[in-house]
Every structure is written in structure tokens, then in C-alpha cells.
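First comes the structure, then the notes that go with it.
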Amino acid sequence: MSDEFSRDTRKNIINSIEGKTYEVTIIGGGITGAGIANILAENGVSTLLVEKNDFSSGTSSGSSKLIHGGLRYLQNGRFLEVFRLLKERNYLIGHTDIVRPIEFHIFTGKKMWNRIELGIGMSLYNLLSGKFPLPRHVRNTGTYPGGIDGYYSYMDGITVDSELVIYNIVSAQRHGASCLNYMEAKAIKKYNGAYSITIYDSISGTHKTINSRIVINAAGPWGNGVLEIAGMPTEQNFRLSKGIHIVFPFSVWGRKNAAVIKSLIDGRQLFIIPSGEVAYIGTTDKFIDNPDDFSINREDIRYLIESISPFFPEFKEDKIIAAFSGIRVLLGAGNDPGKISRDFKISVIDNFISVLGGKITDYRVGARKTAKIVSGILNKPLKIKNMPYIDYSRKSQSLEEIIKYECPVKPEDIIRRRLALSIYSPDLGKSMEERIYTLMEVSHEDPHTGK
């Protein structure tokens, strides 16, 4: 089997898909669906993944990019959750080239965290991560502005979330899965012990019908919508929360370490994270109703700026070069989105599996639990321990390689997700835009098609 996974590969799959039967069809091409496709394909399960937009076009490209244990979860007594997340963090840092460690400084002071209380929390965080040295408090002697007494230093992980998704997608594709972006599930009906699924290719404007023994709903914020299409009961405690980040040139922050700061407006925990040529601040946490509402308003931008500007006045609105948002799935009741669980929930009705919620850090845990359910339904033993692996890695960052092996269909797929230039490049990718359009053989007037 060829390793090529290009726009032509996609066309060939679509041309041969009509009436085909799969063991599993996954709806959703974010990190949840990508991880599940990867583990099933590695086990030889006949798998189709469909995503109505591009892979990682929703929540999985709008996160804080952190692979972490959730230090603040300790305040709510979620020790087992933190332990599980730290275990996954350690694995991803140690076994992939796309997750790397980054040093954080979490501040102490009158308007920050209490030194003694935070020290206890940091000790527990280290213990749960398998590291036993006591955390050391560093006194601020001018490294940071006055009002910050000092900080504790600790390590967590950082990634490019959209690349982590595509690495899993390509790994799944190379193991025999068929992964299709810009392919939307329009109808799902049970028929003769299997599901008949009508899918729509928004590039060619054509419909196809396939059959699948199992359907997995991994649509994230659109999960309840998929349940409605399938005629399944929706999740009653399904809530959505939007978080935004604002991006600055790296020089505005100028430090290699990240920082954890308490908002001076409402005490919410915020991050300042350097990455390459930029540094970004986030995130907000507000309930919303519409899973397509990725809008960024002035109020949220001003909240982030004003939360940290008394200590770091260099972060000004006129220095913002970009902003991005993501929508989280929350499962539970309450008025404070920050206190509602972000753990995943897996439900099964008549071979229809819904995987809702979850975090990018523990996507492999969700994939393993889902694979166990699939194994039982198919009555087929699957290798699950330590899975899924990521078998794909770029040999270079060349556009030619990305176009040939990572199935971008539109130029924006490269600009926004494969290379995430719209976040990590100070010129938002404009200097590479013409070359991307040329190599993909598309025009600015009609970027949806190509040879």
C-alpha cells in the first residue's frame, strides 16, 4: 500500500466507496475520532472516518495546545483524573516528537496564589506524576514585576494540536483506514442489523451511501446533532463552553518559559505561553449554545488584556497579531463552566457509540476504552494496551511533503492547520500563501477545487 495520502487519494476513495460495508464508521475528525481510527486501524478493523470540514478544524485546533495534568483540578479533589492525565502526558512527551516539555512558572503573591498552599499542591502534582523532589519556591528578585513575590517552577507538555490530530489521521490511513475530510454524515438509519449512512462530499457536491456495523459519534461540540440525525436520544447534560486566546509577537513576552497567572478580574487561572515566534494568552471560559460560534468579541479580548496588564502592561491590544477560539464539551450541571467535568463519557445504544467530552491530553484513554467496546461488539480480540501509536512523522516541513502525505484539500488547510501559520507565523502565513496556492494548483477565486 502506498504511503501517499493526498487530494488524489481522497478522490480515489470517494469514487470507490458507494455501497461499501465497514465494520466501524467514525463521525468526527478531531483528536477523539483520529485516536479511535488509529487504534482500530492498527488492529485491522475495517474503518471509515468522515469529517464534515477539514481534520482538526473544530475544537482540536483551538485548544491551549497543552498536554498537562490539570494542576487546578487538584483544588476540586480530582486526584485520579490528574494522575491519569499526567500518565498520558509523560507517555506523549517520551514517545512522540510532536509533544515536548515546557517549563512553567506559577506565581505567588498577595494577588496571586498563596505560597504555602500552592507548595502543597505542587508537591502533590509532582507525586502524582512520578516525581518525588519537593518543589522549590524561587523568590522574585527582578525577573518579574513587583507584586509577584516569587514562583514555583514545574514542567508540562506542549504540542501543536492540529498536527497531533493529523499525525493520528495519517497513521490510521497507513494502517488501512479510510479517512475523508469535507465529508458530512447527512443521514443515519438502521437497516438489516447495520447502519446505512448517507455522506455528502462538499467538494464535489455528491452524495454516497455506505453501510457500517458500528457507528462512533466523535463529533465533539456537534455530538448532539449527530445523535439527532441518527434518531438517538440526545445527551441531556451536554453543555458548550468557548475559550479564546490572543496571540502576540514573541518579543512582547521575551521569555522561553510559560507562566501561570491569576486573573486580576475574577481570579481565573490564565496561561502565557511562548511558542516559536509568538506568545499567546488564554483562555476565557463562557457558556455558548451554538457549536459553530467561534467568534471572538472585543469583550473577551479586553478581559484577557486587563486580567494581566497591571503586572504585564506590555500586552496591549494594538500588539495582537491573531486570535483563535475553541469550544469545549462539558457534561454536567452548574453555573461555572470551570467547575464542570471535562472528562469524556462513552455511551452505547444498539451498536451506536457516542464518545463525548474529553481532553486532548487523554485522547488515547478514550480511544482504548472505545476500542474495548468495539472488540466486544465484533467479538474480535484487539490489542489495546499502550495504544494507539503514532507511526507517522514528517521528514521535513516542506509544502510538497504535506500536500502529498497529509491530504490538505484547500490552501487554508495548510495555513490554518497543517502548519498553523495563522497562529504561529507573525505574518499569519501571508508570505507563503502564493506558493501554497501554486503548489495546490488552485486559484484565489476558487480555492475549493484543484487538479
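Examine region 396-406 for a residue that is buried (at least 19 other Cβ atoms within 10 Å of the Cβ), more than 30 Å from Asp350 (Cβ to Cβ), within 18 Å of the chain's Cα centre (by Cα) and of a type in the set (D, E, K, R), and state whether such a residue exists.
Taking every residue of region 396-406 in turn, at least one turns out to be buried (at least 19 other Cβ atoms within 10 Å of the Cβ), more than 30 Å from Asp350 (Cβ to Cβ), within 18 Å of the chain's Cα centre (by Cα) and of a type in the set (D, E, K, R).
Could you name every one of the strands (runs of 3 or more DSSP E) located completely within region 199-272 that has at least 1 residues being among the aliphatic types (A, V, I, L, M) and farther than 29 Å from Ser422 by Cα? Walk me through it before giving the result.
Working: elements: 206-217, 238-249, 258-262.
Output list reads 206-217.
Before we move on, is Ile384 of a type in the set (Val, Ile, Thr) and surrounded by fewer than 19 Cβ atoms within 10 Å (Cβ to Cβ)?
Working: of a type in the set (Val, Ile, Thr): yes; surrounded by fewer than 19 Cβ atoms within 10 Å (Cβ to Cβ): yes.
So Ile384 passes the test.
Specify the residue that is farthest from Asn114 (Cα to Cα); the eligible residues are those in region 264-321 that are in contact with a strand residue (DSSP E or B) (Cβ under 8 Å, 6 or more places away or on another chain) and of a type in the set (Gly, Ala, Ser).
Among them, the one singled out is Ser295.
Determine if region 21-34 includes at least one residue that is more than 27 Å from Thr209 (Cβ to Cβ), surrounded by 23 or more Cβ atoms within 10 Å (Cβ to Cβ) and in the same structural domain as Ala367 (by TED's automatic domain parsing). Spell out the reasoning first.
The first filter runs over region 21-34 and keeps only residues more than 27 Å from Thr209 (Cβ to Cβ), leaving 31.
Going one step further and asking which of them are surrounded by 23 or more Cβ atoms within 10 Å (Cβ to Cβ), we end up with 31.
When the remaining residues are screened for being in the same structural domain as Ala367 (by TED's automatic domain parsing), the result is 31.
Looking through region 21-34, at least one residue is more than 27 Å from Thr209 (Cβ to Cβ), surrounded by 23 or more Cβ atoms within 10 Å (Cβ to Cβ) and in the same structural domain as Ala367 (by TED's automatic domain parsing).
Do you know which residues across region 33-59 are among the β-branched types (Val, Ile, Thr) and part of a helix (DSSP H, G or I)?
Quick first cut of region 33-59, residues among the β-branched types (Val, Ile, Thr) only: 36, 39, 45, 47, 50, 59.
The answer is Ile36, Ile39, Thr59.
Where the second residue is modelled with pLDDT under 65 and the first is charged (D, E, K, R) and lies in region 431-451, which pairs have Cβ atoms under 9 Å and are six or more apart or on separate chains?
Close Cβ pairs (under 9 Å, with a partner that is modelled with pLDDT under 65) amount to Glu441/Gly450; Glu441/Lys451.
Just to check your reading of the model, which residue among Gly150, Gly146, Gly121 is outside the structural domain of Ile423 (by TED's automatic domain parsing) and without any contact (Cβ under 8 Å) to a residue 12 or more places away in the chain? Outline the logic, then answer.
Values: Gly150 fails: without any contact (Cβ under 8 Å) to a residue 12 or more places away in the chain; Gly121 fails: without any contact (Cβ under 8 Å) to a residue 12 or more places away in the chain.
That would be Gly146, the only listed residue that is outside the structural domain of Ile423 (by TED's automatic domain parsing) and without any contact (Cβ under 8 Å) to a residue 12 or more places away in the chain.
Answer with yes or no whether Ile346 is within 18 Å of Thr32 (Cβ to Cβ), touching a residue at least 24 places away in the same chain (Cβ under 8 Å), surrounded by fewer than 18 Cβ atoms within 10 Å (Cβ to Cβ) and not acidic (Asp, Glu).
yes
One residue is enough: does region 349-365 have a residue meeting the conditions over 25 Å from Lys189 (Cα atoms), at pLDDT 95 or above and of a type in the set (Phe, Trp, Tyr)?
Looking for residues that are over 25 Å from Lys189 (Cα atoms), at pLDDT 95 or above and of a type in the set (Phe, Trp, Tyr), one finds at least one in region 349-365, hence yes.
Counting only residues that are buried (at least 22 other Cβ atoms within 10 Å of the Cβ) and either of a type outside the set (A, V, I, L, M, F, W, C) or without any contact (Cβ under 8 Å) to a residue 40 or more places away in the chain (or both), how many does region 74-83 have? Show your work before the answer.
Pass one, region 74-83, residues buried (at least 22 other Cβ atoms within 10 Å of the Cβ): 82.
This time we only want the ones that are either of a type outside the set (A, V, I, L, M, F, W, C) or without any contact (Cβ under 8 Å) to a residue 40 or more places away in the chain (or both), so: none.
Total meeting the criteria: 0.
Only one of (1) touching a residue at least 40 places away in the same chain (Cβ under 8 Å); (2) under 20 Å from the mean Cα position of the chain (by Cα) fails for Val374. Which number is that?
If we test Val374 against (1) touching a residue at least 40 places away in the same chain (Cβ under 8 Å); (2) under 20 Å from the mean Cα position of the chain (by Cα), just (2) comes out false.
Look through region 49-73, keep the residues that are small (Gly, Ala, Ser) and within 17 Å of Ser241 (Cβ to Cβ), and return whichever of them is surrounded by the fewest Cβ atoms within 10 Å (Cβ to Cβ).
Within region 49-73, the subset small (Gly, Ala, Ser) is 56-58, 60-64, 69-70.
Checking the rest, the ones that are also within 17 Å of Ser241 (Cβ to Cβ) come to 58, 60-64, 70.
Numbers: Gly58: 24, Ser60: 25, Ser61: 26, Gly62: 24, Ser63: 24, Ser64: 19, Gly70: 22.
Looking at residues that are small (Gly, Ala, Ser) and within 17 Å of Ser241 (Cβ to Cβ), I get Ser64.
The values are calculated or read from the model by the stated rules, or taken from the named source; none is laboratory data. Since this is a predicted model, take the numbers as computed values, not measurements. Glycine also receives a Cβ, built like all others from the backbone with ideal geometry; neighbour counts cover every protein chain displayed.
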